[in-house]
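Structure first, then comments.
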Amino acid sequence: MLLDPNHYDPAHLDDETRRLLRATIDWFEARGKRQLIADAQDKVWYTEFLDFVKREKLFATFCTPSSVDPTKRWDAARNAAFSEVLGFYGLQYWYAWQVTVLGLGPIWMSGNEEAKQKAAALLDSGAVFAFGLSEKEHGADVYNTDMIVTKTDDGSGDISFRANGSKYYIGNGNVAGMVSVFGKLDDEYLFFAVDSQHENFKLIKNVVDSQMFVSEFRLDDYPLTDSDILHRGPDAFSAALNTVNVGKFNLCTASIGICEHSFYEAITHAHNRILYGNPVTNFPHVRQNFVDAYARLTAMKLFADRSVDYFRSANENDRRYLLFNPITKMKVTSEGEHVIDLLWDVIAAKGFEKDTYFTRATADIRALPKLEGTVHVNLALVLKFMPNYLFNPKAYDEVPTRHDASDDDFFWHQGPARGLGKIQFHDWEPIYTEHAHLPNVALFHEQAKAIKTLLTTAAPDEKQRQDLDFLLNLGHLFTLVVYGQLVLEQAKITGTDSNVLDQIFDVLVRDFAGYATALHGKASSTEAQQQWAVGQVRKPHVDQARFDAVWQQVVGLSGQYEMRP
């Protein structure tokens, strides 16, 4: 299940994509672990990496839709693979790619053909891009912006514009060929493109202590013409949210890559370390940590891979991806934190040593659930889908595995960012029933069905519906149901080992019980809700043979991969 650079060959992708992914791995391996760590510690701007990107036209190939250049395509399946590889070697390299994806979103979504051709040419020349949405005072609050655009008239009758205001936490702001900037013109929202090297673009500072350049910049009377305007009015607002739909998926695959590299380091260290006359991995709590971490990481990969199929198959009549998207952003990335914590509890002081990948991972993994929308924001979004998902299913054709080399054109035509509560989903229960022969899947299915009981017999009252603390906990419970559904769908497609799959649901049964216990303890929970919560505290089905079988897979990873020095 884990990415192994020694034997990496994504056979499900086309030949040129496989070559580029292999070339990326080879570049990092040739650079070596010591150099990557030293560059990170010294906060060296990654010129050599961007030179490699330029030479291979990596970002151009992966980030240009075929509607702009027929020789290229935007393909979420291969983009996910690329994102995972970059995360495997370092969040800073992934970040340069990630903010380029975000910066391109408003451009590819616009009707401004001149801007599109300019962006394509810049990509071909090796440029990176930036997404100017966040502000120091407003964060990513798209309802408010202090970036103000005003009309000017030079007397000739030609209308131009001037932009004034600042943006904060903008990756690649130091070098971006184009920065897509969100602002306001009079009472309407606006997206426009600027050049980070223009004299009226004032780069203030890097706001983080890192190899990445996460900028604060200010536009002082920055001149704009119609050719720089990407979106106006409601279209600009939708472009902001729809860009996040496209780009923030990469958070989950970066988290997966970080966890995979960390797992190799941790198991190799622990299995070869002797304490009190025994290998560390002989201790039962150590094996439990590793098996739990492996189960969580496998589930992360299964959910993320299946989500790609729904993203690529989306259209105006099938917007189910809008639920799966925030779950990739907050659930998969939060699971990444759990994985690192479980591993760190085993390797202990080793996780602080400066010559390990792991010590970088412990910091980087924390960023992903918090980038452009915290866990809380995404949980609140997930709750909008809960009634239709649980109670009002709709028949759809089955979504196939999408590894075909085609362009995901719908990303640029998602339409207005509204109507989420009206989206319907296919029935979530059959896939659980199909796997009821696995004891922990059957147990979890009982817990999942109990949410319907909660909402029909002890639903949140009016006061609780205003209590975000209470609702967010309910959101965690609901998220687990959706998470388990897509894990099972992908496990069926890939033939995932039944021992591993049941071990995943051993974890999910415990997680559900934990969130139920938290709901019981909420200040506003009613007697009926407390009784419901107590009923969901279940013990997973114990099977030592199953556990041992999964442990053998885990311990087999010891020494399988170590990055070149």
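The values are calculated or read from the model by the stated rules, or taken from the named source; none is laboratory data. Nothing here was measured: the structure is a model prediction, and the numbers come from that model. Note that each Cβ is placed from the backbone with ideal geometry, even for glycine, and that neighbours are counted across all protein chains shown. These area figures cover heavy atoms from the full protein model, side chains too; ligands, DNA and RNA do not enter into them. Shrake-Rupley method; radii C 1.70, N 1.55, O 1.52, S 1.80 Å.
Details
- Antiparallel bridge percentage (DSSP; both residues within the chain; nearest 5): 85 percent
- Nearest-ten-degree value, helix 468-494 long axis tilted from longest Cα axis of the chain: 80 degrees
- Given their separation in residues at 0.36 nm each and the Cα-Cα distance between them, residue 541 and residue 23 gain 182.0 nm when the chain is fully extended.
- Space enclosed by the convex hull of the alpha-carbon atoms of region 423-481, per residue, Å³: 96 Å³
- For a modelled paramagnetic label at residue 137, 7 Å from Cα along Cα-to-Cβ, the residues of region 164-199 in reach, with backbone nitrogen under 14 Å, are 164-168, 184.
- For residue 493, solvent-accessible area (1.4 Å; no DNA, RNA or ligand), Å²: 70 Å²
- Cross-link reach list, lysines versus residue 184, counting only Cα pairs under 18 Å and skipping chain neighbours closer than eight places: 136, 151, 167
- Residue 523/residue 317 FRET efficiency (R0 30 Å; Cβ-Cβ; nearest 0.05): 0.10
- Listed residues 165, 115, 129: farthest to the positive end of the dipole of region 75-168 (Cβ charges): 129
- Taking the Cα centre of the chain as origin and assigning +1 to Lys and Arg Cβ atoms and -1 to Asp and Glu Cβ atoms, the resulting dipole is close to 1100 debye.
- Here the accessible area of the chain is 50 percent carbon and sulfur, with a 1.4 angstrom probe and all protein chains present.
- Calculated on C-alpha atoms, the gyration radius of the chain divided by its Kirkwood radius gives an Rg/Rh of 0.97.
- Under the simplified labelling scheme, the residue 558-residue 401 pair shows an inter-label distance of 3.2 nm, with each label point 7 Å from Cα along Cα→Cβ.
- A Förster distance of 30 Å, applied to the separation of the beta-carbon atoms of residue 66 and residue 4, puts the FRET efficiency at 0.45.
- The sum of -39500 (n - 2.57) across all DSSP H runs of n ≥ 4, divided by the residue count of the chain, sets its helix-only mean residue ellipticity at 222 nm to -17000 deg cm²/dmol.
- Residue list for region 186-202, given a label point 7 angstrom along the Cα-to-Cβ vector of residue 114 and an amide N cut-off under 17 Å: 191-195
- Potential lengthening between residue 148 and residue 494 on full extension [0.36 nm per residue; Cα-Cα distance subtracted]: 119.5 nm
- Volume per residue for region 315-465 equals 207 cubic angstrom (convex hull of Cα atoms).
- Between residue 241 and residue 355, the contour length at 0.36 nm per residue exceeds the alpha carbon distance by 37.1 nm.
- Summed side-chain charge close to residue 260 - residues other than residue 260 whose Cβ falls under 9 Å, Lys, Arg +1, Asp, Glu -1: -1
- Legend: calculated FRET efficiency, residue 461 to residue 226, from the Cβ-Cβ distance at R0 = 41 Å, rounded to 0.05, equals 0.20.
- Residue 148 - accessible surface, heavy atoms, 1.4 Å probe, Å² rounded to 10: 80 Å²
- Total lysine pairs in region 26-121 at Cα distances under 19 Å, for residues eight or more apart or on different chains: 9.
- About its Cα centre, region 432-565 has a charge dipole of approximately 100 debye under the convention of +1 per Lys or Arg Cβ and -1 per Asp or Glu Cβ, with nothing else charged.
- Put a plus charge on the Cβ of each Lys and Arg, a minus charge on the Cβ of each Asp and Glu, and nothing anywhere else: the dipole of region 129-215 about its Cα centre is then about 320 debye.
- Pairs of Lys residues in region 306-394 are counted when their Cα atoms are under 27 angstrom apart and they lie 8 or more places apart or on different chains; the count is 10.
- Label point at residue 208 placed 7 Å out along Cα→Cβ; residues across region 304-340 whose backbone nitrogen lies under 11 Å: none
- In degrees, nearest ten, helix 284-312 long axis to first principal axis of the chain (Cα): 40 degrees
- The angle separating the long axis of helix 113-124 from the principal Cα axis of greatest extent in the chain is about 60 degrees.
- As a rough guide to protection, the peptides 87-95, 519-527, 460-468 ranked by mean Cβ packing within 10 Å, highest first, stand as 87-95, 519-527, 460-468.
- The orientation-averaged projection of the convex hull spanning the C-alpha atoms of region 482-565 amounts to 8.9 square nanometres.
- DSSP finds beta bridges in region 82-209, and of those with both partners inside it, around 70 percent are antiparallel.
- Using a probe of 1.4 angstrom and keeping all protein chains present, the accessible surface of the chain works out to 39 square angstrom per residue.
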